[in-house]
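The values are calculated or read from the model by the stated rules, or taken from the named source; none is laboratory data. Keep in mind it's a predicted model, so treat the numbers as computed, not measured. We place every Cβ from the backbone using ideal geometry, glycine too, and count neighbours over all the protein chains shown.
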Amino acid sequence: MVKDHSSLANFHEVRVTHSAYELDVNLDSRVVEGYAQLDAVAEVDGPQELVLDTRGLAVRRVELLETGGAGGGGGGGAGGDGTPPQALTYRLAEPHAVLGSALHVSLPAGLSSGLRRGDRLRLGVRWATSPDSSAIQWLAPEQTAGGKHPYLFTQCQAIHARSLVPCQDSPGAKMSYSAVVRVPAPLTALMSAVPEEAPAEGLSAHMADVKPPYPTSTFAFTQKVPIAPYLVALAVGDLVSRDLGARTRVWSEPAMVEAGAHEFAETAKFLEAGEAIAGEYVWGRYDLLLLPPSFPYGGMENPCLTFVTPTLLAGDRSLTNVVAHEIAHSWTGNLVTNASWDHFWLNEGFTVFLERKIVGRLQGEAAFQFHAAQGAVALAAEVERLGPEHPYTRLVPDYSGGIDPDDVFSRIPYEKGFYFLYYLQELVGGSVRFDPFLSDYIAAHRHQTLTSDQFKAYFLNYFKDVPAAQTVDWQTWLYGTGMPPATNSYDTTLAQQAYDLALKWHTCDVMGIGSDGPAGASAADVAGWSSEQLVAFLEKLGQYRAVQAMSPRVTQRLAELYGIYDSKNAEIRFAFFKLAIPARDARALPHVADMLRTQGRMKFLRPLYRSLFSRGGPEGKQLALDTFAAVGGSYHPIAKKMVAADLGL
Ligand code: BES
Ligand code: ZN
């Protein structure tokens with residue numbers, strides 16, 4: 001049995017296997033009223049209670065709908081045939097600061113004693129979310145592109161699903177789900193599931209107590225594939241779509257949909273490449289939802305409906321590796337899932353690996369190697385930032401003791417995870433051997449969850465005839481802090497020019513006090529470069545200048561020569577600001593403030609705020625505090641909380 005330190009639910013005793021939701025979304029009161037019909041199976045004989053995770057939920061009623069023998073069905077019908085369902089006794093435990101309140105539902109003695117392992121039961125829970133649910137961001141009309149309608153979106157990974165729906169909020173408790181969602185007309189609801197025909201009668205009698213005083217529309221969804229609860233997702237807004245292929249389309253507010261359709265035109269190709277590498281795509285549709293700028297991540301792999309940030313709209317498709325990444329989660333993460341957040345690298349490290357394989361398949365091995373090399377630079381920077389002894393630099397951090405996954409989050413599981421998998425690939429004989437392993441690993445674990453030790457056992461058995469495979473230092477790779485115990489070498493054909501230019505700027509800045517950049521530097525240095533190469537240059541320069549800041553004259557010259565402020569590419573601007581802030585480049589500050597005001601992606605917000613605060617001098621520090629005071633209220637609840645912590649507030 002795998003213990004999940006991030007859930008209070010008792011899914012090892014009674015496990016929810018399907019949730020049928022009815023949701024009424026009220027954007028005026030900022031409350032989701034809901035009813036969940038939960039199908040559960042006994043995992044032991046005589047379980048006495050069902051424990052669900054909740055956070056900030058108002059539980060209105062819990063009832064027993066049906067009990068039945070193995071396989072479910074008919075059974076000792078309660079409520080199914082007109083008799084009113086039996087109310088069940090429940091208790092919401094004192095809230096845990098990180099994990100929320102366990103909802104203990106007592107199973108009546110007569111029922112409990114008769115339940116055998118494998119027996120099924122069906123319960124109903126009527127609840128409402130709180131306006132400050134950590135899973136939901138409610139946007140006022142003026143925070144949307146259209147400016148006319150309110151909007152809401154959810155973000156449940158890692159442990160926020162419990163503040164949206166009562167559930168067993170552990171990846172180890174996969175469930176299928178269906179939903180009927182009522183929203184104010186003329187808004188549209190979308191979920192991480194396949195859209196269905198909505199029932200003509202709308203919500204059922206279970207929700208009869210909620211009567212919206214405005215016209216409404218109803219939407220329905222089915223997610224047949226069992227998913228971890230963190231993949232439940234909902235968005236409501238003024239939404240339209242454009243088809244990108246037979247099974248894929250992009251959704252967004254009307255003002256952004258053409259830009260989205262242009263930027264993400266390659267989605268169907270990514271999907272095909274993913275299938276060629278990882279096997280059948282089991283989710284039916286793959287749609288994208290392009291969110292308002294406050295979306296706190298680059299992308300989120302909600303099944304059937306990836307959520308993406310509008311900061312990907314560079315105009316030239318140069319940031320769409322994020323889409324390849326979220327597509328890759330269709331196999332690694334959504335189909336084969338980490339058993340608990342300690343093993344998050346099994347989701348993210350594998351997904352970065354698959355993402356780069358997809359990109360490599362479409363753009364060639366040199367592109368794969370380029371991204372791998374970039375990943376190594378990012379890994380070094382993250383280890384440098386956290387410190388080489390920091391417990392969160394372990395590939396498998398320790399979550400016992402109620403640690404918040406949002407606090408542990410970093411690039412370590414992504415890049416150390418990727419680094420490890422590439423190391424393993426080279427050890428066993430390269431991609432000729434490793435590609436089949438990867439697809440066999442996915443096929444063997446689909447619909448399951450697993451731990452790092454289970455991965456280790458599978459790998460060792462698979463490659464039992466390869467002597468080199470037996471030499472892996474698992475202990476250090478999985479549990480050691482700091483940089484990995486071995487060094488990969490990547491082909492730097494595409495990266496080298498960028499790295500050479502970074503070295504030039506670095507040396508001139510170190511050597512020539514008062515210099516204006518390298519002798520003979522000009523726009524021609526980067527003519528014809530991809531924006532990825534420009535980012536590689538800036539990040540490599542950042543690595544050289546991790547400790548000692550550049551001089552502001554040099555960063556200003558760099559920005560002018562290479563047209564940084566003309567770029568629409570958020571990664572280029574961000575990488576430059578990370579150099580300009582410690583340089584105390586005053587010209588950059590208004591542009592930095594602009595980035596902090598106009599988007600809420602944590603990947604950009606947090607390093608910029610941290611840099612302003614601790615390396616930006618008195619002006620930088622003041623700008624950080626003033627900007628956060630002015631716009632912090634419009635950030636996503638998680639982003640707001642994390643930035644506040646970064647600023648010591
Ligand atoms: N699943 C993550 C986002 C996430 C992780 C949300 C943990 C909440 C908790 C998603 O797949 C992701 O990794 N997105 C990256 C993109 C990527 C290319 C590395 C991002 O948001 O930048
Ligand atoms: Zn990911």
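Output the number of residues of the range 332-344 satisfying the condition of being more than 16 Å from ligand 2 (Cβ to nearest atom) and not in a loop (DSSP other than H, G, I, E, B). I'd like the intermediate steps shown before the answer.
Keep residues of the range 332-344 that are more than 16 Å from ligand 2 (Cβ to nearest atom), which gives 339-340, 342.
When the remaining residues are screened for being not in a loop (DSSP other than H, G, I, E, B), the result is 342.
Total meeting the criteria: 1.
State all residues of the range 594-610 that are away from ligand 2 (no atom under 16 Å from the Cβ), buried (at least 20 other Cβ atoms within 10 Å of the Cβ) and more than 18 Å from Ser567 (Cβ to Cβ); if no residue qualifies, say none.
Gly600, Leu605, Tyr609
Here's the yes/no breakdown for (1) in contact with a Leu (Cβ under 6 Å, 6 or more places away or on another chain); (2) within 20 Å of Lys357 (Cβ to Cβ):
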residue	(1), (2)
Ala259	yes, no
Ala265	no, no
Phe270	no, yes
Ala276	no, yes
Glu280	no, yes
Arg285	no, no
Phe307	yes, no
Glu326	no, yes
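Here is a yes/no grid of residues against (1) within 16 Å of ligand 2 (Cβ to nearest atom); (2) closer than 22 Å to Ala378 by Cβ:
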| residue | (1), (2) |
| --- | --- |
| Ile403 | no, no |
| Phe409 | yes, yes |
| Phe455 | no, no |
| Asn488 | no, yes |
| Gln496 | no, yes |
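Based on what the data block shows, is Pro293 outside the structural domain of Glu196 (by TED's automatic domain parsing), at pLDDT 95 or above and either in contact with a Gly (Cβ under 8 Å, 6 or more places away or on another chain) or within 20 Å of Ile638 (Cβ to Cβ) (or both)? Break it down into steps so the answer makes sense when it comes.
On the way: outside the structural domain of Glu196 (by TED's automatic domain parsing): yes; at pLDDT 95 or above: yes; either in contact with a Gly (Cβ under 8 Å, 6 or more places away or on another chain) or within 20 Å of Ile638 (Cβ to Cβ) (or both): yes.
Yes.
Among the candidates Leu38, Leu27, Leu50, which residue alone is over 24 Å from the mean Cα position of the chain (by Cα), assigned by TED's automatic domain parsing to the domain that holds Ser112 and surrounded by fewer than 23 Cβ atoms within 10 Å (Cβ to Cβ)?
On the way: Leu38 fails: surrounded by fewer than 23 Cβ atoms within 10 Å (Cβ to Cβ); Leu50 fails: surrounded by fewer than 23 Cβ atoms within 10 Å (Cβ to Cβ).
That would be Leu27, the only listed residue that is over 24 Å from the mean Cα position of the chain (by Cα), assigned by TED's automatic domain parsing to the domain that holds Ser112 and surrounded by fewer than 23 Cβ atoms within 10 Å (Cβ to Cβ).
Condition check ((1) more than 10 Å from ligand 1 (Cβ to nearest atom); (2) touching a residue at least 24 places away in the same chain (Cβ under 8 Å); (3) in a helix (DSSP H, G or I)) across all residues:
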{"residue": "Tyr281", "(1), (2), (3)": "yes, yes, no"}
{"residue": "Arg285", "(1), (2), (3)": "yes, yes, no"}
{"residue": "Pro296", "(1), (2), (3)": "no, yes, no"}
{"residue": "Thr306", "(1), (2), (3)": "no, no, no"}
{"residue": "Arg317", "(1), (2), (3)": "yes, yes, no"}
{"residue": "Glu326", "(1), (2), (3)": "no, yes, yes"}
{"residue": "Ser330", "(1), (2), (3)": "yes, yes, no"}
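Could you grab the pairs with beta carbons closer than 6 Å, sequence gap of 6+ or different chains, first residue in the range 1-30 and without any contact (Cβ under 8 Å) to a residue 40 or more places away in the chain, second one surrounded by fewer than 18 Cβ atoms within 10 Å (Cβ to Cβ) and of a type in the set (Val, Ile, Thr)?
Partner pairs satisfying both residue conditions: Glu13/Val44.
Filter the range 301-327 down to the residues that are in contact with a His (Cβ under 9 Å, 6 or more places away or on another chain) and either within 12 Å of ligand 2 (Cβ to nearest atom) or of a type in the set (S, T, N, Q) (or both), then identify the one that is farthest from Leu239 (Cα to Cα). Lay out the reasoning, then the answer.
Pass one, the range 301-327, residues in contact with a His (Cβ under 9 Å, 6 or more places away or on another chain): 301, 303, 306, 313, 315, 317, 321.
Subset that is either within 12 Å of ligand 2 (Cβ to nearest atom) or of a type in the set (S, T, N, Q) (or both): 301, 306, 321.
Working: Glu301: 19, Thr306: 15, Asn321: 24 Å.
Selected residue: Asn321.
Those residues that are among the small types (Gly, Ala, Ser) and either surrounded by fewer than 24 Cβ atoms within 10 Å (Cβ to Cβ) or in a helix (DSSP H, G or I) (or both), I need them from the range 212-234; list them, please. So that I can check it myself, show each step before the final result.
To start, the set of residues in the range 212-234 that are among the small types (Gly, Ala, Ser) comprises 217, 220, 228, 233.
Within the range 212-234, Ser217, Ala220 qualify.
Would you confirm, using the coordinates I've provided, whether Gly147 is outside any loop (DSSP other than H, G, I, E, B) and either modelled with pLDDT under 95 or at positive phi (or both)? Steps first, answer last, please.
Numbers: outside any loop (DSSP other than H, G, I, E, B): no; either modelled with pLDDT under 95 or at positive phi (or both): yes.
Taking the combined requirement at face value, the residue does not satisfy it.
For residues that are over 11 Å from Gly279 (Cβ atoms) and touching a Ser or Thr at 6+ places or on another chain (Cβ under 8 Å), scanning just the range 434-458, find the one that is surrounded by the fewest Cβ atoms within 10 Å (Cβ to Cβ).
Gln448
Which number in (1) touching a helix residue (DSSP H, G or I) at 6+ places or on another chain (Cβ under 7 Å); (2) within 12 Å of ligand 1 (Cβ to nearest atom) marks the one condition that Leu346 misses?
(2)
Read through the list (1) assigned to a helix (DSSP H, G or I); (2) among the charged types (D, E, K, R); (3) at pLDDT 95 or above, then give the number of the only condition that Asp491 fails.
Here Asp491 clears every test but (1).
Answer with yes or no whether Arg162 is in contact with a strand residue (DSSP E or B) (Cβ under 6 Å, 6 or more places away or on another chain) and surrounded by 22 or more Cβ atoms within 10 Å (Cβ to Cβ). Before the answer, list the steps.
On the way: in contact with a strand residue (DSSP E or B) (Cβ under 6 Å, 6 or more places away or on another chain): yes; surrounded by 22 or more Cβ atoms within 10 Å (Cβ to Cβ): yes.
Judged against the criteria, Arg162 is a match.
If the requirement is being in contact with a helix residue (DSSP H, G or I) (Cβ under 8 Å, 6 or more places away or on another chain), outside any loop (DSSP other than H, G, I, E, B) and basic (Lys, Arg), which of these qualifies: Arg126, Arg120? Walk me through it before giving the result.
Working: Arg120 fails: in contact with a helix residue (DSSP H, G or I) (Cβ under 8 Å, 6 or more places away or on another chain).
Going through Arg126, Arg120 in turn, the sole match is Arg126.
Has the range 275-287 got any residue that is closer than 21 Å to Pro150 by Cβ and either among the hydroxyl-bearing types (Ser, Thr, Tyr) or surrounded by fewer than 24 Cβ atoms within 10 Å (Cβ to Cβ) (or both)? Talk me through it step by step, then tell me what you get.
The first filter runs over the range 275-287 and keeps only residues closer than 21 Å to Pro150 by Cβ, leaving none.
Checked the range 275-287: no residue is closer than 21 Å to Pro150 by Cβ and either among the hydroxyl-bearing types (Ser, Thr, Tyr) or surrounded by fewer than 24 Cβ atoms within 10 Å (Cβ to Cβ) (or both).
If you take the residues of the range 575-593 that are part of a loop (DSSP other than H, G, I, E, B) and small (Gly, Ala, Ser), which of them is surrounded by the fewest Cβ atoms within 10 Å (Cβ to Cβ)? Can you show your working first?
Going residue by residue through the range 575-593, those that are part of a loop (DSSP other than H, G, I, E, B) are 581-588.
Next cut, small (Gly, Ala, Ser) only: 583, 586, 588.
On the way: Ala583: 22, Ala586: 13, Ala588: 24.
Top of the filtered list is Ala586.
List pairs: first in the range 549-560 and in the same structural domain as Ser522 (by TED's automatic domain parsing), second modelled with pLDDT under 95 and surrounded by 20 or more Cβ atoms within 10 Å (Cβ to Cβ), Cβ under 7 Å, 6+ apart or cross-chain?
Listed pairs, sorted by first residue: Met550/Asp509; Ser551/Asp509; Val554/Asp509; Val554/Gly517; Arg557/Gly517; Leu558/Gly517.
Give the residue that is surrounded by the fewest Cβ atoms within 10 Å (Cβ to Cβ), with candidates limited to residues of the range 8-24 that are under 25 Å from Lys224 (Cβ atoms) and of a type in the set (A, V, I, L, M, F, W, C).
Per the stated criteria, the residue is Ala20.
Which one of Leu152, Leu231 is of a type in the set (A, V, I, L, M) and out of contact with any Pro (no Cβ under 6 Å at 6 or more places or on another chain)? Reasoning before the result, please.
Working: Leu231 fails: out of contact with any Pro (no Cβ under 6 Å at 6 or more places or on another chain).
When all the criteria are applied, what remains is Leu152.
With respect to the numbered conditions (1) buried (at least 20 other Cβ atoms within 10 Å of the Cβ); (2) free of Cβ contacts under 8 Å to residues at least 40 places away in the same chain, which one is the sole condition not fulfilled by Glu619?
If we test Glu619 against (1) buried (at least 20 other Cβ atoms within 10 Å of the Cβ); (2) free of Cβ contacts under 8 Å to residues at least 40 places away in the same chain, just (1) comes out false.
Restricting to the range 1-34, count the residues that are part of a strand (DSSP E or B) and aromatic (Phe, Trp, Tyr).
Initially, the range 1-34 is screened for residues part of a strand (DSSP E or B), giving 14-26, 31-34.
Add one more test, that the residue is aromatic (Phe, Trp, Tyr), and what stays is 21.
Total meeting the criteria: 1.
Tell me which residues, restricted to the range 117-149, are under 18 Å from Leu23 (Cα atoms) and either surrounded by fewer than 20 Cβ atoms within 10 Å (Cβ to Cβ) or under 22 Å from the mean Cα position of the chain (by Cα) (or both). Don't jump to the end; show me each part of the working.
Here is the first cut: in the range 117-149, the ones under 18 Å from Leu23 (Cα atoms) are 123-138.
Result: Ala128, Thr129, Ser130, Pro131, Asp132, Ser133, Ser134, Ala135, Ile136, Gln137, Trp138.
I'd like to know if the range 260-267 contains one or more residues that are outside any strand (DSSP E or B) and under 16 Å from Pro292 (Cβ atoms).
Going through the range 260-267, the residues outside any strand (DSSP E or B) turn out to be 260-267.
Right, trim to under 16 Å from Pro292 (Cβ atoms) and you get 260, 263.
Yes, some residue in the range 260-267 is outside any strand (DSSP E or B) and under 16 Å from Pro292 (Cβ atoms).
Which fully enclosed helices (runs of 4 or more DSSP H) of the range 365-468 have 1 or more residues being closer than 21 Å to Pro485 by Cβ? Reasoning before the result, please.
Details: elements: 365-386, 405-408, 412-427, 431-445, 452-462.
Helices (runs of 4 or more DSSP H) meeting the threshold: 365-386, 412-427, 431-445, 452-462.
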